[in-house]
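S.K.: Questions regarding the structure given below will be posed in turn.
The values are calculated or read from the model by the stated rules, or taken from the named source; none is laboratory data. Source: prediction; values computed, not measured. Backbone-built Cβ (ideal geometry, glycine too); neighbour counts: all protein chains shown.
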Amino acid sequence: MDAPLDKQVLVLNRLWQPVNTCSARRAFTLLFLDHAQVVDCDENNVFFTHDIDSWGSHSSSSLRSGLRGDCVHSISRAFLLPKIIVLQSFDRLPKKEIKFTRENVFQRDGYTCQYCDITFEMKELNIDHVIPRDKGGKTTWENVVCSCIRCNTKKANKLPAEANMFPSQKPAAPRWRPFLSGTRHAQQHYDEAWRHFLNPDPSGVELTG
């Protein structure tokens, strides 16, 4: 089991765009240096920001009211572990390319066969070249999809029109996200609060100072 300070925190830039993840230990360092603030969400999806002092007060109040959560203690105060922090001045997006690997193709396609739309365990999946290699297809993001073994065998080395099998989504290079380079386990267990920034729904998020 991970120690509380090793837990992952989502890092937003000054424009509230996700740029990375860091450990809770690193997040507290940034908070104490006043380089970042905690982003907290209430039950109505209203987001508040806290500096280290207001986060300490909020943590104490929440813990007294019976809220359960991981926390760390200083000599005199308890702090809930932040789930999201926003940087005070950094406003750039990281220029990162996602490495082309078998597992990253599975992650891009959600471990779902692009022909039958069924989700499988990784051991039950294969990589299919939409345009077969022996017909000029290349091994690129734009020409490979996640396929179950059954569909992969059925399509064989046929063109999509020949097999009457077409990917449910047009394959493309995925957009980098902070958690995409991690394991499938990490993706499945990222905090629900991150969803508003990784898969934003502008109509469902309200910000307040």
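S.K.: The conditions are (1) in contact with a strand residue (DSSP E or B) (Cβ under 9 Å, 6 or more places away or on another chain); (2) without any contact (Cβ under 8 Å) to a residue 60 or more places away in the chain; (3) surrounded by fewer than 19 Cβ atoms within 10 Å (Cβ to Cβ); (4) more than 30 Å from ASN157 (Cβ to Cβ), and LEU80 fails exactly one of them. Which is it?
M.R.: Result: LEU80 fails condition (3) only.
S.K.: Same structure again: Counting residues that are farther than 30 Å from SER23 by Cβ and at pLDDT 95 or above, which helices (runs of 4 or more DSSP H) fully inside the stretch 106-191 reach at least 2? Can you show your working first?
M.R.: Numbers: elements: 149-155, 160-163, 184-188.
Result: 149-155, 160-163.
S.K.: A further question follows. So if I check each of PHE28, PHE47, PHE32, which one is of a type in the set (Phe, Trp, Tyr), modelled with pLDDT of 90 or more and buried (at least 16 other Cβ atoms within 10 Å of the Cβ)? Please lay out each step first, then the result.
M.R.: Values: PHE47 fails: modelled with pLDDT of 90 or more; PHE32 fails: buried (at least 16 other Cβ atoms within 10 Å of the Cβ).
Criteria check complete, one pass: PHE28.
S.K.: Can you report the number of residues in the stretch 57-73 which are within 16 Å of LYS83 (Cβ to Cβ) and small (Gly, Ala, Ser)?
M.R.: Result for the stretch 57-73: 3.
Conditions (1) within 25 Å of the chain's Cα centre (by Cα); (2) over 19 Å from GLU192 (Cα atoms); (3) in a helix (DSSP H, G or I), marked per residue:
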residue: LEU15; (1), (2), (3): yes, yes, no
residue: ARG25; (1), (2), (3): yes, yes, yes
residue: PHE28; (1), (2), (3): yes, yes, yes
residue: VAL38; (1), (2), (3): yes, no, no
residue: PHE47; (1), (2), (3): yes, no, no
residue: SER57; (1), (2), (3): no, yes, yes
residue: LEU63; (1), (2), (3): no, yes, yes
